[in-house]
Amino acid sequence: MKSIFLLLILNVLGFSFLQGQNELSLEYYLPEGMSYNENIPTPESILGHPVGKWHISHDKMVWYLQTLAAASDRISIETYARSYEDRPLLLLTISSPQNHQNIEAIREAHIKNTNPATAKEVKIEEMPVVVYQGFSIHGNEASGGNAALILAYHLAAGEGKAMDDLLQNTVILLDPCFNPDGFHRFSSWVNMHKSKNPIAQPDSRELNEPNPNGRTNHYWFDLNRDWLLTQHPESQGRIEVFHRWKPNILTDHHEMGSNATFFFQPGIPSRVNPNIPTKNQELTYKIGEFHAKALDKIGSLYYTQESYDDFYVGKGSTYPDVNGCIGILFEQASSRGHLQQTENGVLSFPFTIRNQFQTGLSTLEAAYNLRTDLLKFQQSFYKNALQQADKDNVKAYVVKTDKDNGRVRHFMDWLNRHHIEAYYSKEKITSEGKSFPEKSLVIPTHQLQYTLIKASFEKYTTFNDSLFYDVSSWTMPLAFNLDYAALDKRALGRNAMGEKMQNSLATMPKRKIIGDESDYAYVFRWDEYYAPRMLYNLLKKEIIAKVASQPFGIETAAGFQDFGYGTIMIPVGNNQEQFIDKATLKSFLESESSKNGVEVYALPTGLTPSGADLGSRTFERLRLPKILMIVGKGVSAYDAGEIWHLLDQRLDIEVTLIDSDDFNRVDLDSYNTLVLSHGSYGLINTLDLQHWLKKGNTLITMRGASKWASDQNISNATFKENTPDENNTVRKPYIEVGRELGAQVIGGAIFEANLDLTHPLGYGYSTANLPVFRRGTQFMEATRNDYAMPLQYTSNPLISGYVSRPNLKDLENSAAIVVNGIGRGRVIAMADNPNFRAFWYGTNKLFLNGIFFGHTIGGATLENRAKEKK
């Protein structure tokens, strides 16, 4: 009896001396009593080592799974997307050979079940259930991806009636690695640092990746926050697969801190998104019973209904919940490398793989046993959605689309990716005191995606709980800074909706030069999203360009036109002096206009009937941005990655990334713009930085970097002190400390700020009130200098999301951006991140304006770098 007890304990803890014998054999993972087809290759027979001895690299994963698929008539394999590093994202469709012969008909019948108009045509009792099993969306949470190899082999080679019944009644969509780039990066790190004699000490270099680490994709994004946002190719491909099949269960295999055990959903009951049906959570609980049974059988510790929630619908385990599916999160305590000492003993990598594999099996067992329940739930989900839409006073949302084709097109792409139907309005619409012109987008709520629409368009300021695992708001039209309104039946009218928006991804409207070849100048407005990309390409070609700091009006081939602050002017004569002839200039402008969706006007004269003439000194010459950004130790990889992605991937603007440890060795004179994202910069030589600034260069700081710049007396921004309430002497229960502290966190909410449209940082905006996404509780004081604060939070700033009353009070009328000068240089301190998760398009231009126009900010509007104290 004692020996049995000892073996159970060792099994729970995954002790290292078991690794040499049991944990590196295939039998350690596989269920007892099942036979396997010897003609199906095992992972070891292809890879040359057993699963768990090394962290599998992504290329080896692809090699084995392609070999496996070729050997099995139960598997078809496809590449549904490619990562930024051109790695394939694989999807294995696994089912019985009989089902494979009819797989498209099965898929079509399954889709019919999700539409009340066609659901009567299918027979649920004869339909297979569809299960999407996904792994390692965080690349350094590798036990999931390694377990996927074992699971794929088991399903391909397993023999017996139970396996035959499972495959006949189930279509399994196995996605072995959601994040190939991060997964591969992490495997390289841990494998290159593995010792012959495994080291379990948490201090080991193997167990401590540098920043940025393998969690993220190529541009350092957390792909598990991108299911709804779909800003990256990995997510876009995955969402296409999801809606192509509309699975009944989707599992998302993760890892957590090494001192934990194993978590599976349901999560915290009080933190479920209100748009998720109660029946969803009931089925989640039923499925959880199968996981508990599986983990009990092998003696693995676990927990549920703690730590994690189902509130933000942009995560892999929650997005399915508002799409008629059951999303399941798994969190395995991480070994981080091959072996690690933890509070629960020595945790081995094979042990973590086995837990992931076992819950992969329990998911399939649950799906098989609950097949009709899951299919009926999916059918009723969409039927109920339409019924709720009928009862909802909001019959549609209308979105204004008459400005900035770039942002509008990206918004339309987002709608299309999530199968949200939209129409162009046939007439002017008025609602909520706003007027929307003809050709605005109308998104009716009476459609299959009603639940997702409500979760994405509504604003929420009251909540059942004050704690959130992630952001508390993500209202999508606000992210794109598109004016929108809810429409009731009267406002929508009978004839408001006209032509349906096409389902294919939106394309940028082709633009051309308005007017003939000019001998004098060309101009284009700054309000288009891709105008910065166009300007950068002009400056890179050494074409002279100037920015208007005053509005003007002039006659064009399209009639009289008003041009606002930030209009870009390209003088023909000056560029000819730079050996750029008129024909070449026009041809290049035509190409850039078409590529970026920016209208260019040819002007025959510099004399304007209103406003500044084109030769006025209010037109300031622009320089090519030469951008340096510090990354690495002490710097938020997320924030830095968002900047890198925006500049490099979206706008084709070059940015040099330098490790924080190397900054003091850099020749700063090679750059004119330095960007410091959220982080700590204690190693920077501030004297060298100030000397560089005095030469006329620009420093842009965000969030924690702005606080650092303030502390170093580089930025004029001052930050409010969080002072405790000294009058509060009431003792509180110890158990409440976590909840009270958590309630003071701003994990992510939307606030209103007021923008000075005449300021260079406000160029290209048409309305002063701007929705800003904010995380964190560092608040900048309003400045005494009326001109040094181009963006300021309003007196009633909350638009959507959770914020505590003390934090809201601190935010009211606080500064969102503070600008000051050091010599001829400019320091632009931003309280927030204007590039959040690549989807907050509406504030990107604030950051880009700092890059292109920061050096033009007039010295007369700034005070010296002495601190401003209230």
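The values are calculated or read from the model by the stated rules, or taken from the named source; none is laboratory data. From a predicted model like this one, the values you see are computed outputs, not experimental measurements. A quick note on method: Cβ atoms are made from the backbone with ideal geometry, for glycine too, and the neighbour counts reach across all protein chains shown. The accessibility values were calculated without ligands, DNA or RNA, using every heavy atom of the protein model including side chains. Shrake-Rupley method; radii C 1.70, N 1.55, O 1.52, S 1.80 Å.
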Given a 1.4 Å probe, how much area per residue of the range 270-325 is accessible, in Å²? 36 Å²
Excluding Glu592 itself, calculate the net charge of residues whose Cβ lies under 13 Å from the Cβ of Glu592, where each Lys or Arg counts +1 and each Asp or Glu counts -1. +4
Given q = 0.07, 0.09 Å⁻¹, what are the Debye log10 I(q)/I(0) values for the chain, with equal point scatterers placed on the Cα positions and solvent ignored? -0.61, -0.99
For the range 730-870 the mean separation of alpha carbon contacts under 8 Å (6+ apart) over residue count, i.e. relative contact order in percent, is 26 percent
Return the subset of Lys400/Lys426; Lys246/Lys459; Lys315/Lys376; Lys500/Lys595; Lys720/Lys845; Lys582/Lys626 for which the Cα-Cα distance in this structure is over 18 Å, preserving the input order. Lys246/Lys459; Lys315/Lys376; Lys500/Lys595; Lys720/Lys845; Lys582/Lys626
Whole-percent carbon and sulfur contribution to the accessible surface of the chain (1.4 Å, no ligands, DNA or RNA) stands at 48 percent
Once you keep just the Cα pairs under 8 angstrom separated by 6 or more residues, what percentage relative contact order results for the range 217-321? 41 percent
Which whole-number percent is the relative contact order of the chain (Cα, under 8 Å, 6+ apart)? 10 percent
Give the calculated FRET efficiency between Glu432 and Ala557 to the nearest 0.05, with a Förster radius of 41 Å applied to their Cβ-Cβ distance. 0.60
Going toward the positive end of the dipole of the chain, with +1 on Lys and Arg Cβ and -1 on Asp and Glu Cβ, which of Leu811, Gly145, His446 do you reach last? Leu811
Is the shape of the range 363-437 best called rounded, prolate or oblate, per the rule: a/c under 1.5 gives rounded, else a/b larger than b/c gives prolate, else oblate, with a ≥ b ≥ c the square roots of the Cα gyration tensor eigenvalues? oblate
Here the gain from full extension of Lys439 to Glu104, 0.36 nm per residue of separation minus their alpha-carbon distance, amounts to 116.9 nm
Quick check: residue separation of Met192 and Lys512 times 0.36 nm, minus the Cα distance between them. What number comes out in nm? 109.8 nm
